[in-house]
1. Do any helices (runs of 4 or more DSSP H) lying entirely in the stretch B:306-347 carry at least 1 residues that are within 24 Å of B:H219 (Cβ to Cβ) and away from chain A (no Cβ under 14 Å), and which ones are they?
2. For the stretch A:200-218, check the following and say yes or no: at least one residue is within 26 Å of the chain's Cα centre (by Cα), over 29 Å from A:N63 (Cβ atoms) and free of Cβ contacts under 8 Å to residues at least 12 places away in the same chain.
3. Being more than 8 Å from chain B (Cβ to nearest Cβ), more than 30 Å from A:N119 (Cβ to Cβ), modelled with pLDDT under 85 and part of a helix (DSSP H, G or I), is that true of even one residue in the stretch A:306-313?
4. Could you figure out which of (1) more than 18 Å from B:G64 (Cβ to Cβ); (2) touching a Leu at 6+ places or on another chain (Cβ under 8 Å); (3) not basic (K, R) isn't true of B:F192?
5. Here is a list: B:G100, B:G107. Which entry is within 13 Å of another protein chain (Cβ to nearest Cβ), assigned to a helix (DSSP H, G or I) and of a type in the set (G, A, S)?
6. State which residue is surrounded by the fewest Cβ atoms within 10 Å (Cβ to Cβ) when the search covers only the stretch B:128-153 and only residues that are at the interface with chain A (Cβ under 7 Å from one of its Cβ atoms) and more than 16 Å from A:V174 (Cβ to Cβ).
7. If you check B:P365 against the conditions, is it outside any helix (DSSP H, G or I), more than 12 Å from chain A (Cβ to nearest Cβ) and more than 25 Å from B:P225 (Cβ to Cβ)?
8. State the number of residues belonging to the stretch B:191-226 that are part of a loop (DSSP other than H, G, I, E, B) and within 14 Å of the chain's Cα centre (by Cα).
Amino acid sequence: MDLSRRGFFKVLGAGGAALSTGLGTANASDKPAPSLDSLGCLVDTTLCVGCRKCEQACNQRHNLPKPVESFEELTVLEKERRMDKTSYTVVNKYYPENIGTLTWRERPTFVKFQCMHCNDPSCVSACIVGALTKQKNGAVTYDAKKCIGCRYCMVACPFQVPAYEYDNALTPQVRKCTFCFSYVEDGGLPACAQVCPREVMTFGKKKDLLKLAEWKMKNNPGKYVDHIYGQHEVGGTSWLYLASEPFETIGFPKLSNEAPPRLTEMIQHSLFQYFAAPAILYTFLGGVMMATGFMKNDKKKTDDKASQKGDTHEPS
Amino acid sequence: MSHHEAAAPVQEKFLTPGVMVMLGLMAIGGLFVATRFIFGIGAVTNLNNQYPWGIWIGIDVASGVALAAGGFTTGAIAYVFNRDQYHAVIRPALLTAMLGYTFVVLGLLVDIGRYWNITSPIFNHNGNSVLFEVAICVMIYLHVLYFEFIPIVTERFMGKVNLPGFLSKFNGLLEIVLAVADKVAAKVMFLFIIAGIVLSCLHQSSLGSLMLIAPSKIHPLWYTPILPLLFLLSAFAAGYPMVVFESILVSRSFGREPEMDVLTPLARYMPVLMGLYMAVKIGDMIVRGSYVYLLDGTYQSNSFLVEMLVCVFIPFVLLLFQRVRRSPGLLFFASTVFVLGILLNRINVFVVAYTPPYKLTSYFPSMGEMFITAALIATLMFIYRVCVFIFPVLGADPKKMTQKKISPKKISIVGVIIIAVLLITTPQYSAHAAANSENIKTKLPLEQNITPSIADAPKMMMMNSKVINQYSDLYEPVRFMHSKHANVLKDCTICHHRMPREEGDQYGEPVSMLQLKEKNNCQYPVPVAMISPLILKICILRG
């Protein structure tokens, strides 16, 4: 190797620059603050009677495959279900927890689940290709064209919402509630909110929904537990829930108020800010390489140095 | 590189019983791979909506990357810190890393649903995604590794290009290409070596950040904000044991003397790196207070204990002794255990620690998943063998082993220990899987659910205290017009919940309107008002 000392640094710098342009796509992106003007739904679980009309309406609007049991069949509610490739939303039935020996209320709580459309969605932050997008109106939508099927969104989702078409060999998709994005954009309603005979879901701007939720809680003392699920969970969600039972007993995971992407994005962006960390590491290693005499041609000298340092003090 | 130890292609019999086993595994795995590509992931795996990632991610990808760390760690010590004596292990480590990363990509192709769209991240960027950074780093690093392999190819074929038949007119052209490649590679190789180290540091750590996006799903024993640092340190620590493991294995398989003159000095660094990893991990555990989970006996905490005590602490202690570092058998044993420990760590983080909020079914890898993983590893080893037969990777003029090829005693000892570790761990997982399948949440029918049994009764001590009695007796009896009350409510069961089975029975049977009508509206069960002083007492006792 017959490079001069200066030449070494020149090439080293060029290499560093090449490396940084090669990776230059991972910069910080500005995230719009979650707006209270974005849309959402308030679900009053005390009103729901588990008729499954919302499941049916959703299934029809999105042309999903027909389920095995018809939508009139109410015994399916006896088993806890989750969204899958045939359904973007499910209604579950939760019996009151038996506290001690006495059960005061026999009425079960029905809860409709679907994508919560988080303000700061983990899936959107996680998606390797940006196939999931947080839209301005609050919806989190999926673009199958970009997707590679890594299922990291499913790992990331704190509500375990995205489902996958495991039986499709060629074009499997991630299936999740779209918040009826195209209909809502045209001024329509989500299919579930439109069809609900008990008006369990109220569709509207989030600030109005929060006001409504507080009004309901104030005017029905003792009816609701003092918590609006989704107001603060994982940084807030577009779908909000009211309930008469503690949320942990009706199928809601207990989550912290901090949005999980804040930590990972903080780590990623501080690591790649101006490519400082990789560039410094690159230069440092180059410096060490020089200092240890990698560029020196006379091998003998390095060998001497190595033996002087006592590198081979442990011969076998 | 100018001062390589002489290396030469291996001249041995190619087909051995071991190779036959590899070919067999490859054939079985090939069938499963074909099934996966024809009928989809669901046909060969146990993956589901609760567990989107299984052992294909935990072993093929995460462990594959971690165990290919030998490439950049030997590169660092031989070229950056310029310790000449380690050049002998550079080429095998480079080949392992190159093949390792190639098979990470092949494993991913099997795992991801839209494998034909794998180039999508090149065009669609998400700078916020940890996985995106990992993907780009791995992609570039794979090319860097292939570039670093160029001198080995040119050394083998320069001046010896001899294509058969009509292709022979390209001989001259190919010679020129090789000569140019050799020259360019020699000039800029150091850039690629450093780039390889930087890229490795980046994606080894970022693999650890992957699971940070799911704080509510990862068991607190593993979930820590410094998980990326732990992944990086464990990759550093895994590099040299992997080199030793592989070098001794290869020497044995070709009946050569292990290269202890290189491996023993290399082993000096191993306890330092392992100790650092262990210290940071234990320190983190103490700071976060997650040690409270250590002895709770779940399969997760047991898995953590095996990972740390058996697979990190034991090799760390062993390698502190010079005798261990000098003995090929013991060094091989310590290295192998640590390598298995890193494997277990990655499986733990990606599969064992993962607890979905709604666990409708559980996950245990299917035969298809296991055989495809085994086939990928077998193919890797097979191609490694092909490569060392073609290219000058292993040292020339090997010292043949004087004694018999393999000492069966040592092999059996290692085998027994590995099997013991597996025996300790596997029943844990399978027992957990079995327990889970029983635990699938089915709600009891309503009647059963609300009929209380005496076993559920709160265990409490009744205190006959004047103070308490003073308050509990305050509200009894409450007088009201019963008929009017019943007329308004039209449902006696709101107040009357239980019918006593016999005298003094406080729990009784649930009341229904039907039963009441049958009993001619006369036999009213214990009114709720009679139970209320009891409840008040419980409240006072507890509060």
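The values are calculated or read from the model by the stated rules, or taken from the named source; none is laboratory data. Source: prediction; values computed, not measured. Ideal geometry is used to build each Cβ from the backbone, glycine not excepted, and the neighbour counts take in all protein chains shown.
1. B:314-319, B:328-347
2. Yes: the stretch A:200-218 contains one or more residues that are within 26 Å of the chain's Cα centre (by Cα), over 29 Å from A:N63 (Cβ atoms) and free of Cβ contacts under 8 Å to residues at least 12 places away in the same chain.
3. Checked against the condition, which is being more than 8 Å from chain B (Cβ to nearest Cβ), more than 30 Å from A:N119 (Cβ to Cβ), modelled with pLDDT under 85 and part of a helix (DSSP H, G or I), the stretch A:306-313 yields at least one hit.
4. Unmet for B:F192, out of (1) more than 18 Å from B:G64 (Cβ to Cβ); (2) touching a Leu at 6+ places or on another chain (Cβ under 8 Å); (3) not basic (K, R): (2).
5. Working: B:G100 fails: within 13 Å of another protein chain (Cβ to nearest Cβ).
After ruling out the rest, the residue left standing is B:G107.
6. The extreme case among them is B:I140.
7. yes
8. Our first condition is that a residue be part of a loop (DSSP other than H, G, I, E, B); within the stretch B:191-226, this holds for B:214-217, B:219-226.
With within 14 Å of the chain's Cα centre (by Cα) added as a condition, the list becomes B:219, B:221-223.
Final tally of qualifying residues: 4.
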